[in-house]
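Here is the structure we will look at.
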Amino acid sequence: MSTRRKVLAGNGRSDWYRRMNTTSPATDDALTLRFWGVRGSTPVSGPEYVEFGGNTPCLEIRCGGRLFVLDAGSGLGAFGRNNADGLPQEIDLLFSHLHLDHTAGLPFFKPAVFDETRTIHTYCGNLDGACAAEALGRLFSPPLFPVELDVLPVTIRHHGFKAGEPLTFPDGTRVDTILLNHPQGSVGYRFDHGGKRLCVISDIEHTDPWPDPALLAFVEGADLIVYDGMFTEGEYCRCAGWGHSTWQKGIELAQAARAKALAIIHLHPAHTDAQLRKVEADMQAVMPSSFIARERQAVDVGAAAVPSRPQLALALTA
């Protein structure tokens with residue numbers, strides 16, 4: 001088989017059931033989340049970004065032993081390097097959407113992309129049923145990128161769906177989805193496992209009135225909502241229509257949905273550690289179980305309490 005045939009577009013919903021998924025099914029009731037990238041728009045670095053981190057979105061979600069990777073921002077590289085010995089042979093990568101800050105890390109997903117025995121399945125739901133193959137093919141090709149994805153040894157299989165449809169995987173795992181208000185659309189994901197619920201709602205711009213009834217029903221009773229809080233209220237008035245929200249709207253949604261905890265992600269690249277610590281204190285004065293996500297921070301979803309000041313994330317993993 002030529003390498004060019006190793007990047008494949010799926011053939012809709014039936015293709016998901018035909019493929020052999022070697023990812024281990026859930027083996028226990030744990031629902032866990034680790035943040036590998038929490039910034040929006042562009043990666044940042046420097047001494048003022050040490051505590052919260054500088055990589056763009058990538059989340060590791062485990063339903064028992066079942067792995068999902070959500071988004072392929074620059075944090076995907078660190079996820080791969082730190083999970084080199086524990087990656088399944090078939091990896092399910094869920095895209096919220098295909099903007100650069102959510103896709104640019106894909107070719108740097110080591111060691112997965114250099115393993116010819118491994119398959120990465122991508123899922124894209126914001127293109128009215130189309131998969132990500134064409135868009136990623138344009139992005140990762142000269143003159144924008146030196147090589148095409150099909151040069152990589154890994155097999156990449158692309159699957160398209162329409163946001164709002166549930167994803168049901170061959171091992172029986174189900175992930176629910178919703179279309180979010182964002183330029184070109186974005187997909188929110190809901191993971192229910194072991195009696196616990198995790199909802200990832202990014203990238204999104206809040207609507208008027210708020211909360212949106214459909215979104216409220218989608219996140220109802222969540223143990224944790226992960227929400228796009230890129231702007232402060234003062235910044236948002238100058239950035240309306242850009243597709244992002246504020247922590248205040250995240251708390252309004254979480255409280256209306258009777259959610260137990262709220263994590264803010266898609267952090268503005270200009271917001272320093274000092275600024276974000278101040279924002280977090282303001283958040284927790286309103287909702288004590290809310291916090292701003294830190295890169296490499298791990299969360300046991302549904303635990304008795306979310307610490308008011310999560311442990312410094314960079315100390316958790318070398």
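Test P170 against the criterion of being in contact (Cβ under 8 Å) with a residue 12 or more places away in the chain, loosely packed, with under 15 Cβ neighbours inside 10 Å and in contact with a helix residue (DSSP H, G or I) (Cβ under 7 Å, 6 or more places away or on another chain), and give yes or no.
no
Taking V226 and the conditions (1) over 28 Å from D29 (Cα atoms); (2) under 18 Å from the mean Cα position of the chain (by Cα); (3) touching a residue at least 40 places away in the same chain (Cβ under 8 Å), which numbered condition does it fall short on, given that it satisfies the others?
(1)
Can you say whether L152 is touching a His at 6+ places or on another chain (Cβ under 9 Å), in contact (Cβ under 8 Å) with a residue 12 or more places away in the chain and buried (at least 16 other Cβ atoms within 10 Å of the Cβ), as far as the supplied structure shows?
No: the conditions fail for L152.
Which one is modelled with the lowest pLDDT among residues in the range 12-67 that are within 30 Å of A130 (Cβ to Cβ) and of a type in the set (D, E)?
Checked the range 12-67; the qualifying residue modelled with the lowest pLDDT is D15.
Where in the range 231-295 are there helices (runs of 4 or more DSSP H), lying fully within it, with 1 or more residues that are modelled with pLDDT of 95 or more, over 18 Å from the mean Cα position of the chain (by Cα) and under 13 Å from I201 (Cα atoms)? Full working, then the answer.
Details: elements: 233-239, 247-256, 273-286.
The qualifying helices (runs of 4 or more DSSP H) are 247-256.
Would you please list the contacts, defined by Cβ atoms under 6 Å and residues six or more apart or on different chains, that run from a residue in the range 275-301 that is among the β-branched types (V, I, T) to a residue that is in a helix (DSSP H, G or I)?
Close Cβ pairs satisfying both conditions: V286/I251; I292/L276; I292/E280.
Would the range 128-138 turn up any residue that is part of a helix (DSSP H, G or I), without any contact (Cβ under 8 Å) to a residue 40 or more places away in the chain and farther than 27 Å from T168 by Cα?
yes
Condition first: under 22 Å from N83 (Cβ atoms) and of a type in the set (S, T, Y). Can you find one or more residues in the range 167-176 that meet it?
yes
Of everything in the range 140-176, what is of a type in the set (A, V, I, L, M, F, W, C), under 30 Å from C199 (Cβ atoms), out of contact with any Asp or Glu (no Cβ under 8 Å at 6 or more places or on another chain) and assigned to a loop (DSSP other than H, G, I, E, B)? Give them in sequence order.
F161
Which is at pLDDT 95 or above and more than 23 Å from I91 (Cβ to Cβ), of G195, G188? Please lay out each step first, then the result.
On the way: G188 fails: more than 23 Å from I91 (Cβ to Cβ).
Selected residue: G195, the only one of G195, G188 that is at pLDDT 95 or above and more than 23 Å from I91 (Cβ to Cβ).
Here are the criteria: (1) touching a helix residue (DSSP H, G or I) at 6+ places or on another chain (Cβ under 6 Å); (2) among the acidic types (D, E); (3) on the phi < 0 side of the Ramachandran plot. Tell me which single one D71 does not satisfy.
Every listed condition holds for D71 apart from (3).
Could you please let me know if K196 is crowded, with 18+ Cβ neighbours inside 10 Å, charged (D, E, K, R), farther than 24 Å from T117 by Cα and in contact (Cβ under 8 Å) with a residue 24 or more places away in the chain?
In short, yes.
Residue under question is I225, and the condition is that it be among the β-branched types (V, I, T) and in contact with a Cys (Cβ under 9 Å, 6 or more places away or on another chain); does it hold?
Numbers: among the β-branched types (V, I, T): yes; in contact with a Cys (Cβ under 9 Å, 6 or more places away or on another chain): yes.
Taking the combined requirement at face value, the residue satisfies it.
Would you confirm, using the coordinates I've provided, whether Q184 is surrounded by fewer than 24 Cβ atoms within 10 Å (Cβ to Cβ) and either over 19 Å from the mean Cα position of the chain (by Cα) or more than 22 Å from H99 (Cβ to Cβ) (or both)?
Taking the combined requirement at face value, the residue does not satisfy it.
Counting just the residues of the range 50-77 that are assigned to a helix (DSSP H, G or I) and touching a residue at least 40 places away in the same chain (Cβ under 8 Å), which one comes out nearest to A274 (Cα to Cα)? Break it down stepwise before answering.
Pass one, the range 50-77, residues assigned to a helix (DSSP H, G or I): 75-77.
Okay, now just the ones that are also touching a residue at least 40 places away in the same chain (Cβ under 8 Å), so 75-76.
Working: G75: 22, L76: 26 Å.
It comes out as G75.
The values are calculated or read from the model by the stated rules, or taken from the named source; none is laboratory data. Being a predicted model, the structure only gives us computed values, none of them experimental. We place every Cβ from the backbone using ideal geometry, glycine too, and count neighbours over all the protein chains shown.
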